[in-house]
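Heads up, the thing below is written out as structure tokens.
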């Protein structure tokens with residue numbers, strides 16, 4: 001595979017494996033029956049990946065190579081993975097992770113906001129907080145604001161000084177919610193850090209619940 005497509009492939013595979021909390025060592029474990037090694041490929045920024053390795057890696061996630069070359073969003077839920085990979089995630093991977101990686105952490109509003117914007121916001125680059133918060137898992141969805149100057153969000157968005165007026169608040173002194181604008185694509189490194197702190201199944205459940213509530217209000 002040429003260098004251009006190799007980098008697209010590796011970038012997408014990295015985002016997916018991190019979302020599933022699969023380490024590079026875990027990838028090597030899954031590929032050992034083919035005498036192939038994955039570790040090191042992500043660090044070769046100008047290198048290429050063999051077609052054989054690309055095919056075997058794609059097979060691990062139940063997709064063909066083209067899927068990881070053409071899709072911008074490649075997150076796949078655990079339930080949609082091949083049986084062998086599901087078994088690995090449930091029965092083998094937990095023993096490969098160290099105690100620090102394995103312990104539960106408090107839900108991070110920064111991490112969940114980043115993953116929501118990256119994968120579930122329909123590529124919108126301008127938004128108000130109330131267009132994000134309802135879709136985050138509880139108790140994050142009860143928050144009244146998002147600190148865009150803190151944690152992983154620092155530097156990602158700018159207050160446009162324009163506002164979205166709430167029609168239910170007629171008071172002219174109330175300007176409404178501030179619109180924020182992304183300063184550009186969210187850096188891959190930031191997305192990787194956020195994915196390590198996010199439970200994709202929990203987030204998608206929250207999104208579906210919020211959408212259902214919105215549909216019910218419209219009826």
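The C-alpha atoms of the chain define a longest principal axis, and helix 3-19 lies at about 70 degrees to it.
Kirkwood Rh and Cα-based Rg: tell me the resulting Rg over Rh for the range 3-102, rounded to two decimals.
Working: Rg = 13.0 Å, Rh = 13.8 Å.
My calculation puts Rg/Rh at 0.94.
Going by how many other Cβ atoms sit within 10 Å of their own, how do 85, 11 line up, fewest first? Kindly include the intermediate steps, with their values, before the conclusion.
Numbers: 85 20, 11 14.
Ordered by Cβ neighbours within 10 Å, fewest first: 11, 85.
The overall shape of the range 1-54 is oblate: from the C-alpha gyration tensor, with semi-axes ordered a ≥ b ≥ c, the ratio a/c is 1.5 or greater and a/b is no larger than b/c.
Please say if the range 109-218 is rounded, prolate or oblate, where rounded means a/c under 1.5 for a ≥ b ≥ c the square roots of the C-alpha gyration tensor eigenvalues, and otherwise the choice is prolate for a/b larger than b/c and oblate otherwise? Write out the running numbers ahead of the final one.
Details: a/c = 2.05, a/b = 1.21, b/c = 1.70.
Because a/c hits 1.5 or more and a/b fails to exceed b/c, the range 109-218 counts as oblate.
If you plug the beta carbon distance of residue 5 and residue 80 into 1/(1 + (r/R0)^6) with R0 = 22 Å, you get a FRET efficiency near 0.35.
Sort 168-175, 122-129 for me by packing, meaning the mean count of neighbouring Cβ atoms within 10 Å per residue, highest on top.
122-129, 168-175
Counting every other Cβ atom within 10 Å of each residue's Cβ, 1, 27, 214 order from fewest to most as 214, 1, 27. Contact order for the chain, expressed relative to its length and based on alpha carbon pairs under 8 Å spaced 6+ residues apart, stands at 21 percent.
Relative to the current alpha-carbon distance between residue 196 and residue 166, full extension at 0.36 nm per residue lengthens the span by 7.3 nm. The length gained by stretching the chain between residue 55 and residue 89 to full extension, at 0.36 nm per residue less their Cα-Cα distance, is 10.2 nm. Potential lengthening of the chain between residue 43 and residue 154 amounts to 37.4 nm, from the contour at 0.36 nm per residue minus the alpha-carbon distance. Shown is the FRET efficiency for residue 33 and residue 66, computed with R0 = 25 Å from the Cβ-Cβ distance and rounded to the nearest 0.05: 0.60.
Divide, for the range 146-203, the radius of gyration over alpha carbons by 2.2 N^0.38 Å, where N is the residue count.
Values: Rg = 15.4 Å, N = 58, 2.2 N^0.38 = 10.3 Å.
So the range 146-203 has a normalised radius of gyration of 1.49.
When shorter helices are ignored and each DSSP H run of at least 4 residues is given -39500 (n - 2.57), the per-residue value for the chain at 222 nm works out to -11500 deg cm²/dmol. Residues 38, 95 in ascending order of nearby Cβ atoms (within 10 Å, fewest first): 95, 38.
Bear in mind that the values in this text are calculations on the coordinates, not laboratory data. Values in this document were obtained by computation on a predicted structure and should not be read as measured data. Heads up, the Cβs are rebuilt from the backbone with ideal geometry, glycines too, and the neighbour counts pull from every protein chain shown.
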